[in-house]
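Visitor: Provided herewith is a single structure, encoded as structure tokens, for subsequent inquiry.
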Amino acid sequence: MGSKLTDISNELTNLETTVSGLLQDGLVFEKASPALQNAYTDFSNQMKTSAKNIQEYANTFNDIAKSLSESDQTIATDVTNAASQSGS
């Protein structure tokens, strides 16, 4: 998942550069171009933040899954050891 989110972030940066170029050199309106540039920059930044947050959630859930798996193994080992000791 991490590489896909990085790809999305990189693509957003490329698109931001393209949009910026269009608004500065091709599609130039005195008042609208800066407003469009700001709106697109805000959108792009929000998308990058969202991608980062998705990765952070994924990392958190992976950590939770790992902890639960370790706890499950610890409980199984403790139960097995207790059963072995009481049966001796």
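Visitor: Out of T49, T74, T60, I need the residue that is of a type in the set (S, T, N, Q) and over 19 Å from the mean Cα position of the chain (by Cα). Which one?
Guide: Working: T49 fails: over 19 Å from the mean Cα position of the chain (by Cα); T60 fails: over 19 Å from the mean Cα position of the chain (by Cα).
Testing whether each residue is of a type in the set (S, T, N, Q) and over 19 Å from the mean Cα position of the chain (by Cα) leaves just T74.
Visitor: Sort out which residues of the range 55-75 are of a type in the set (V, I, T) and either farther than 19 Å from K4 by Cβ or touching a residue at least 12 places away in the same chain (Cβ under 8 Å) (or both), and write them in order of number.
Guide: I64, T74, I75
Visitor: Which is among the basic types (K, R) and without any contact (Cβ under 8 Å) to a residue 12 or more places away in the chain, of K31, K52, K48?
Guide: After ruling out the rest, the residue left standing is K31.
Visitor: Follow-up. Those residues that are in a helix (DSSP H, G or I) and surrounded by 11 or more Cβ atoms within 10 Å (Cβ to Cβ), I need them from the range 19-37; list them, please. Don't jump to the end; show me each part of the working.
Guide: Going residue by residue through the range 19-37, those that are in a helix (DSSP H, G or I) are 19-26, 32-37.
The answer is V19, S20, G21, L22, L23, Q24, A32, S33, P34, A35, L36, Q37.
Visitor: Count, please, the residues in the range 23-76 that happen to be at pLDDT below 90 and either more than 19 Å from I8 (Cβ to Cβ) or among the basic types (K, R) (or both).
Guide: Residues meeting the conditions: 16.
Visitor: Quick check, is L15 in contact with a helix residue (DSSP H, G or I) (Cβ under 6 Å, 6 or more places away or on another chain), at negative phi, among the aliphatic types (A, V, I, L, M) and assigned to a helix (DSSP H, G or I)? Can you show your working first?
Guide: Numbers: in contact with a helix residue (DSSP H, G or I) (Cβ under 6 Å, 6 or more places away or on another chain): no; at negative phi: yes; among the aliphatic types (A, V, I, L, M): yes; assigned to a helix (DSSP H, G or I): yes.
It is false that L15 is in contact with a helix residue (DSSP H, G or I) (Cβ under 6 Å, 6 or more places away or on another chain), at negative phi, among the aliphatic types (A, V, I, L, M) and assigned to a helix (DSSP H, G or I).
Visitor: Which residues, counting only those in the range 7-28, are polar (S, T, N, Q) and touching a residue at least 24 places away in the same chain (Cβ under 8 Å)? Talk me through it step by step, then tell me what you get.
Guide: Kept after step one, since they are polar (S, T, N, Q), are these residues of the range 7-28: 9-10, 13-14, 17-18, 20, 24.
Answer for the range 7-28, where residues must be polar (S, T, N, Q) and touching a residue at least 24 places away in the same chain (Cβ under 8 Å): S9, T13.
The values are calculated or read from the model by the stated rules, or taken from the named source; none is laboratory data. The structure displayed is predicted, hence computed values, not measured ones. Note that each Cβ is placed from the backbone with ideal geometry, even for glycine, and that neighbours are counted across all protein chains shown.
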